Amino acid sequence: MDVEMNIFELSRPGREGLSPPPAGVPEKPLDEIIPPAYQRSQLALLPEVSEPQLVRHYTRLSTYNHHVDKAIYPLGSCTMKYNPKINDALAALPGFAFLHPELPEKHCQGALGLMHELSRLLAEIAGVDEVSLQPVAGAQGEMAGLLIIRAYHLERGRRRRKIIIPDSSHGTNPASVTLAGFESVPCKSGADGLVDVKALESLLDDDVAGLMLTNPNTLGLFEKDIQKITAAVHRAGGLVYLDGANLNAMLGLVRPGDMGFDIVHFNLHKTFSTPHGGGGPGGGAVGVKAALAEFLPGPRIVCEKQSGEEYYRREDIGPHSIGRVHTFDGNFAVMVQAYAYIRSLGAEGLRQVAQDAILNANYLASRLVDHYDLPYPGPCQHEFVLSANRQKKQGVRAGAIGKRLLDFGVHAPTVYFPLIVPEALMIEPTETESKESLDHFADILIQIAEEAKTNPDLVNSAPHNTPLARLNEAKAAKDLDLCCKE
Ligand SMILES: *Cc1c(COP(=O)(O)O)cnc(C)c1O
């Protein structure tokens, strides 16, 4: 494939994208507008291209990167589902998109009402009592949740220092624990990939502030002893935090609050369909049980009746709040998309999302299990983790399989994570893929398994069909090493 020229290479002197009509008034000399001392000695170097050249250039570039509007994007733990375009259209309505965050409350009742209602819907979905929409990323929701745990213990007159995290946890968990001033204590998974309750109990003491858990865990397995787990932590005086970044498998089926979780964060940009990847924008709402509501970030949006009408306003939470975690109300457009998504699906639709996500993952796993190792077999939830151990023995590692997939126009799964699976390929198809799409993806992975046996070099030198080929990773690693030492 030819590599696209850059916009300056496309430039031709004198070519224009837009030709405005001549001004109807005499032109003023430049010196009269900008004093000569402030003028550039050299004009800014701008590309000179026509409008169709410009449009085609950026349209071509937009197809170079993989995105979910192009094909399946089975990036485990990231929930790269298709995002209905109606959500974008609603978030772009001028009444939402052009709102100024300093607008007096009486002039933005619709936006405040939407945020209030969204927080009520999320509370209902997760089985918690209060939700703050302020955090703008999953990791920031984690941070807020952990600060709430800290505030809770301090309020009870005792600083507790440790947070227990299973060894299969998402990388942001130990990072957030450290940032919030705790020490993370890893808890080993059992042979079945689930939390080993005995191992957990042996770690519990009066210095444990809480347990931070992902359920379904990063292996895509549901913690079947979840009620025993949450009860054990509560007996030791700790709180239980759910990393709810991936609620896809739970929507309408089970509720974290009913399992005994005290705090949960949501990734609005994953479960609730905001296009993401590449770093944002996101929504990391955090929800808590009633006893912890006083610690939530503030202000919160409350609804009251004023002469028979609903009136929404921001209210400071009070002296125990962990305070603000973001400017204004957070990422409002992401909230509009989440609200549109939830309201357009309704309760039945949300349940169907979870059922289809689970069905798709299990179907895909069943098609692949003869061709790749599945170290933790059995029914999975919204994702599953294969191991390319068998292929490694043939000289092909998980990363090479990911790169070879790009040749077929599909995205690679998450590789080398979670750490407890060697040569991990973590696959989350999501509910928005059809059976044909799942079969297409399975056929490709099966073909690559075959290639690993018969022609490992083909896989190891992939990708072959992408605009840019493989980086010289050994050199890149060395350069990085050098630049880090400097
Ligand atoms: C994505 C993810 C996070 C972090 O969310 P960000 O919005 O990327 O900060 C945390 N935990 C799990 C399990 C995730 O999948």
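The values are calculated or read from the model by the stated rules, or taken from the named source; none is laboratory data. Because the structure is a prediction, the values reported are computed rather than measured. Reconstructed Cβ throughout: ideal geometry from the backbone, glycine too, with neighbour counts over all protein chains shown. Heavy atoms of the whole protein, side chains included, go into the accessibility calculation; ligands, DNA and RNA do not. Shrake-Rupley method; radii C 1.70, N 1.55, O 1.52, S 1.80 Å.
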- Taking the highest mean first, how do the peptides 460-469, 373-382 order by number of other beta carbon atoms within 10 angstrom per residue? 373-382, 460-469
- Message: Give me the extension gain from F222 to E124: residue separation times 0.36 nm, minus the current Cα-Cα distance, reported in nm with one decimal.
- Response: 33.2 nm
- Task: Work out, in µm²/s and without decimals, the Stokes-Einstein translational diffusion coefficient of segment 87-345 at 10 °C, 1.306 mPa s, Rh from Kirkwood over C-alpha pairs.
- Result: 85 µm²/s
- Item | Residues of segment 222-245 with amide N under 16 Å of a point placed 7 Å along Cα→Cβ from A191 | none
- Query: In Å and whole numbers, how far do the C-alpha atoms of segment 7-64 stretch along each principal axis, longest first?
  - Reply: 46, 28, 18
- Query: If packing is taken as the mean number of other Cβ atoms within 10 Å per residue, what is the order of 79-85, 184-190, highest first?
  - Reply: 79-85, 184-190
- So, with a 1.4 angstrom probe, what is the percent of accessible area on segment 56-161 that is carbon and sulfur? 57 percent
- Task: Report the label-to-label distance for Q42 and F98 in nanometres (one decimal), using points 7 Å from each Cα along the Cα→Cβ vector.
- Result: 4.0 nm
- For segment 87-345, dividing by residue count, accessible area per residue (probe 1.4 Å) in Å² works out to 40 Å²
- Query: Got the relative contact order for segment 348-475 handy, in percent, Cα pairs under 8 Å and 6 or more residues apart?
  - Reply: 28 percent
- Note on the structure: Quick calc, Y363 & E450: beta-carbon distance into FRET formula, R0 22 Å, rounding 0.05, result 0.60
- Query: With r defined as the distance between the Cβ atoms of E310 and R156 and R0 fixed at 35 Å, what FRET efficiency is calculated, to the nearest 0.05?
  - Reply: 0.45
- Would you please put 195-203, 247-255, 230-238 in order of how densely packed they are, using the mean number of other Cβ atoms within 10 angstrom per residue and starting with the highest? 247-255, 230-238, 195-203
- Can you tell me what the convex hull of the Cα atoms of the chain projects to on average, as an area in nm²? 31.5 nm²
- What residues of segment 390-429 lie in the reach of a label at A71, counting those whose backbone N is under 15 Å from a point 7 Å from the Cα along Cα→Cβ? 401-413
- Which helices, counted as full DSSP H runs in the chain, have an axial Cα extent of no less than 24 Å and a Kyte-Doolittle average of 0.5 or above? 109-126
- Query: Carbon and sulfur together cover what percent of the accessible area of segment 348-475 at a 1.4 Å probe radius?
  - Reply: 55 percent
- Length gained when the stretch Q109-K475 is fully extended (0.36 nm per residue, less Cα-Cα span): 126.2 nm
- In the structure shown, of K224/K435; K198/K270; K188/K393; K188/K478; K106/K305; K228/K289, the pairs separated by more than 22 angstrom at the C-alpha atoms are K224/K435; K198/K270; K188/K393; K188/K478
- Pick out, from G110, A126, I148, the residue whose Cα sits farthest towards the positive end of the charge dipole of segment 88-160, with +1 on the Cβ of Lys and Arg and -1 on the Cβ of Asp and Glu. I148
- Query: Given Cα pairs under 8 Å that are at least 6 residues apart, what percent is the relative contact order of the chain?
  - Reply: 18 percent
- Could you tell me what fraction of 2.2 N^0.38 Å the Cα radius of gyration of segment 418-468 comes to, as a two-decimal ratio? 1.39
- Message: Please report the accessible area of L458 (heavy atoms, 1.4 Å probe, ligands and nucleic acids excluded) in Å², nearest 10.
- Response: 50 Å²
